[in-house]
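The values are calculated or read from the model by the stated rules, or taken from the named source; none is laboratory data. For clarity, every value in this text was computed on a predicted model and none was experimentally measured. Neighbour counts are summed over all protein chains in view; Cβ atoms, including those assigned to glycine, are modelled from backbone coordinates with ideal geometry. What goes into the accessible areas is simple: the full protein's heavy atoms, side chains included, and nothing from ligands, DNA or RNA. Shrake-Rupley method; radii C 1.70, N 1.55, O 1.52, S 1.80 Å.
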Amino acid sequence: MKKNNKGFTLAELLIVVAIIAVLTAIAIPVFTAQLEKSREATDLANLRSAYAQVMTDILTWDGSGAVPSVTVNAQQTQASWQNNNGAATANIAGGISGDEIEVTAKVKPATWTVGVSSNTAGSIQPSIG
């Protein structure tokens, strides 16, 4: 009598399941870190956009009324910037005088307010608070 062995043994199936479990255990933290970096990239892009909007408002301001401020909601879930070598702050370059503004990382649901402040020379500059 000839025995027909088609299929996999229990040991082979357990090895495949173990390999899949190890690959999943490796992939989940990497995916989580990339997700946090994308949230931070969104935050920085939104802050730069708000900064550009306030700069445009300053440049087109006719001197009457107040220059409006812009509020940006944070998407981050970790306290420091993961994209900025773990630093607590990131810089947004710009300003009429070429100043850089430091932005402290915030954890959701915190917000940034991009507005206008006056410096010692009497001119107005964007500020992030």
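Quick notes on this one:
- Charge dipole of the chain about the Cα centre (unit charges at C-beta), most positive-ward option of THR71, ALA18, GLY129: ALA18
- Dipole in debye (nearest 20) - the chain, about Cα centre, beta carbon charges: Lys, Arg +1; Asp, Glu -1: 1080
- Ranked order, LYS3, LYS108 - accessible area, probe 1.4 Å, largest first: LYS3, LYS108
- Under a Gaussian network description of the chain, with springs only between Cα atoms under 10 Å, the residue in THR60, THR113, THR89 that fluctuates furthest is THR60.
- Over the chain, Cα pairs under 8 Å with separation of 6+ residues give a relative contact order of 21 percent.
- Gain on full stretching of the segment that runs from THR9 to ASN73 - 0.36 nm per residue minus C-alpha separation: 17.6 nm
- Only protein heavy atoms count here; under a 1.4 Å probe, SER64 has an accessible surface of about 70 Å².
- Partners of LYS37 within straight-line reach, counting aspartates and glutamates whose Cα lies under 19 Å from its Cα and excluding those fewer than 8 residues away in the same chain: GLU102.
- Net lengthening on full extension, LEU23/ALA87 (0.36 nm per residue, minus Cα-Cα): 20.0 nm
- Ordering ASN83, THR111, VAL30 by the projection of their Cα atoms onto the charge dipole of the chain, which places +1 on the Cβ of Lys and Arg and -1 on the Cβ of Asp and Glu, puts VAL30 at the extreme positive end.
- Where chymotrypsin sites (Phe, Trp or Tyr not before Pro) fall in DSSP loop in the stretch 1-100, at most 16 other Cβ within 10 Å: PHE8, TRP61
- With all protein chains in place and a 1.4 Å probe, the accessible surface of the chain carries 60 percent carbon and sulfur.
- Heavy atoms of ILE19 accessible to a 1.4 Å probe, total area in Å² rounded to 10: 90
- Solvent exposure, largest accessible area first (probe 1.4 Å, DNA, RNA and ligands not counted), of SER69, SER127: SER69, SER127
- Which label in [x] 20, 17, 14; [y] 29, 18, 10; [z] 55, 13, 10 gives the computed semi-axes √(5λ) of the Cα gyration tensor in Å: [z]
- For the chain, the per residue solvent-accessible surface stands at 67 Å², with DNA, RNA and ligands left out and a 1.4 Å probe.
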